[in-house]
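Chemist: Before I ask anything, here is the structure I am working with.
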Amino acid sequence: MLTSEGTEIRTNRTYAGVEAGMNTLASDGMPLNHLYASYAPKPADLPNVDAVRKGLNVSASELMALRAAKTARITPARCCSRLAPQRPCLLKYLARP
């Protein structure tokens with residue numbers, strides 16, 4: 001931080017965290033990513049192993065549900081008519097049955 005008099009004040013801020021990234025591919029080849037993260041001011045304040053395990057299981061279940069979900073199909077009628085009806089829509093050329 002710099003004050004109006006030109007004094008520079010520096011403070012260190014530290015925190016502890018647990019992060020886990022997960023990824024997979026949907027059936028159409030789209031990469032899917034999900035993240036579990038927990039942060040605390042001190043390592044002692046982080047969740048215990050059982051809580052982290054539970055959080056990882058929840059995140060993994062959410063990722064598996066994303067992978068199993070049906071693919072959304074965007075059509076020009078849904079997208080472009082409300083967003084910019086006066087402009088030509090690139091999706092009409094890309095969204096072929």
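Chemist: Considering only residues that are under 27 Å from ARG13 (Cβ atoms) and loosely packed, with under 11 Cβ neighbours inside 10 Å, which ones fall in region 29-63?
Modeler: The answer is LYS42, ALA44, ASN48, VAL49.
Chemist: Out of ALA26, ALA72, report the one residue that is surrounded by 11 or more Cβ atoms within 10 Å (Cβ to Cβ) and out of contact with any Phe, Trp or Tyr (no Cβ under 9 Å at 6 or more places or on another chain). Spell out the reasoning first.
Modeler: Values: ALA72 fails: surrounded by 11 or more Cβ atoms within 10 Å (Cβ to Cβ).
On inspection, the qualifying residue turns out to be ALA26.
Chemist: So, in region 12-52, how many residues would count as being of a type in the set (Phe, Trp, Tyr) and either in contact with a helix residue (DSSP H, G or I) (Cβ under 7 Å, 6 or more places away or on another chain) or touching a residue at least 40 places away in the same chain (Cβ under 8 Å) (or both)? Don't jump to the end; show me each part of the working.
Modeler: The initial filter retains those residues of region 12-52 that are of a type in the set (Phe, Trp, Tyr), namely 15, 36, 39.
Still in the list and also either in contact with a helix residue (DSSP H, G or I) (Cβ under 7 Å, 6 or more places away or on another chain) or touching a residue at least 40 places away in the same chain (Cβ under 8 Å) (or both): 36.
Final tally of qualifying residues: 1.
Chemist: Here's something else I'd like to know. Would a scan of region 43-52 turn up a residue that is at pLDDT 95 or above and acidic (Asp, Glu)?
Modeler: yes
The values are calculated or read from the model by the stated rules, or taken from the named source; none is laboratory data. All values derive from a computational prediction rather than experimental measurement. Heads up, the Cβs are rebuilt from the backbone with ideal geometry, glycines too, and the neighbour counts pull from every protein chain shown.
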